[in-house]
Every structure is written in structure tokens, then in C-alpha cells.
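Here's the structure we're looking at; comments come further down.
The values are calculated or read from the model by the stated rules, or taken from the named source; none is laboratory data. From a predicted model like this one, the values you see are computed outputs, not experimental measurements. Glycine also receives a Cβ, built like all others from the backbone with ideal geometry; neighbour counts cover every protein chain displayed.
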């Protein structure tokens, strides 16, 4: 990444009690299964609405302004933490916590953000929207069967929460993990 770009994404902020619950009831249990996995620190858990990647620094102000315009008047979302699973089939790549509830409104938000960022030169999302919170990224598939088995044993009590903020985030990759810096926040009213 050059000095003229930042690595960026747009995310829905997740309530702190939900992030703590994920750490306590999912991550803590799965750490013991012997899979080499990068677990997401609780303060970094978020729901990605649009990953932009390298973003020209001079475009950030215009992009954040335009996202703010399309988010005006959108009410807070009633969501629910529900379930745990993996992406990647028999060789899991990502461990996730599921999100249900007002997912139609959430999908609409992702579409309007995708439309705005497309107008700024970013490609449209090709995959269908699947609301989830990334809990960990599998680094080595050895013992993947143990991971999948342990996930099958986790019974997480669903918990409702209100999502009230969307954040335009800068992401810096470091050997110790990603560092996220909010550049712009949008309150849902």
C-alpha cells in the first residue's frame, strides 16, 4: 500500500455485550481444539458491509460524504446473534457467528453502499450478502475435523441487540493483527 492509499472497509458496529459473548462462548471454547487459527480480538468484531481495499486517500472525503447521504433516515437495526459455523466446507477457512433479525434492511444498506462505492470506481460485490461476524481465520487446515466437531457442540443462546452505527474504517495489517481506525461514523436514526 502506498502513501496515497489506505486499506478501507465499511462496517456495522456490533454491541459490546455481543462481542464479549462471542469471545466468552465461542472463541474461548474453540481455542482449545488445536487448529491454528487467527482469532479476532473482541474489540475488532464487526459486520463488514463493504470491503474496499486500497482506497485513494484523496477520495475518502467524497466517499464518506456520499455514503452518509444514502444512509440518512435509516433506522437502527434489530438484530440477533444466532449460531456459529464455518465457510470453506471440509477445509474451513473462516469461523463465523450468525446474524439474523432485520436482515432485509441490512441487505438494503449493503446494496446502497455498494452502489455508492461503485460510482467511485470500486467493483460491485459478486457474492450474495450473508450476514455474519468473522470470529477467526483458519491458518492451517490440520485438525479441521476437530474444529468442525467442536463447533457442532457449541450451543449459543441467541441474543437480540440494536445496531445503531455504521463506520468507515481504516485497516492496517501488522504482525500482531489488524489495527482498525474509524475515519467516519454514521449514526442510524
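Here residue 55 fits the description: over 21 Å from residue 17 (Cα atoms), assigned to a strand (DSSP E or B), more than 17 Å from the chain's Cα centre (by Cα) and touching a residue at least 12 places away in the same chain (Cβ under 8 Å).
Restricting the first member to the stretch 98-120 and to residues that are closer than 26 Å to residue 155 by Cα, and the second to residues that are in a helix (DSSP H, G or I), the beta-carbon pairs closer than 8 Å and six or more apart or on different chains are 99/106. Residue 63 satisfies every condition listed in (1) under 14 Å from residue 114 (Cα atoms); (2) in contact (Cβ under 8 Å) with a residue 60 or more places away in the chain; (3) surrounded by fewer than 17 Cβ atoms within 10 Å (Cβ to Cβ) except (3).
Return the total of residues in the stretch 2-43 being within 17 Å of residue 161 (Cβ to Cβ) and in a helix (DSSP H, G or I).
From the stretch 2-43, those within 17 Å of residue 161 (Cβ to Cβ) are 11-26, 42-43; that's our starting set.
Subsequent filtering for residues that are in a helix (DSSP H, G or I) retains 16-26, 42-43.
Result for the stretch 2-43: 13.
Of all residues in the stretch 7-32, those that are over 28 Å from residue 71 (Cα atoms) have Cβ atoms under 6 Å from Cβ atoms of residues that are part of a helix (DSSP H, G or I), 6 or more apart or on another chain, in 23/42; 30/150.
What about residue 172, is it under 21 Å from residue 44 (Cα atoms) and touching a residue at least 24 places away in the same chain (Cβ under 8 Å)?
Working: under 21 Å from residue 44 (Cα atoms): yes; touching a residue at least 24 places away in the same chain (Cβ under 8 Å): yes.
In short, yes.
Screening residue 68 against (1) modelled with pLDDT of 95 or more; (2) out of contact with any strand residue (DSSP E or B) (no Cβ under 6 Å at 6 or more places or on another chain); (3) in a helix (DSSP H, G or I); (4) more than 22 Å from residue 158 (Cβ to Cβ) leaves a single unmet condition, (2). One residue stands out among those in the stretch 22-38 that are at pLDDT 95 or above and touching a strand residue (DSSP E or B) at 6+ places or on another chain (Cβ under 6 Å): the one that is nearest to residue 177 (Cα to Cα), which is 27.
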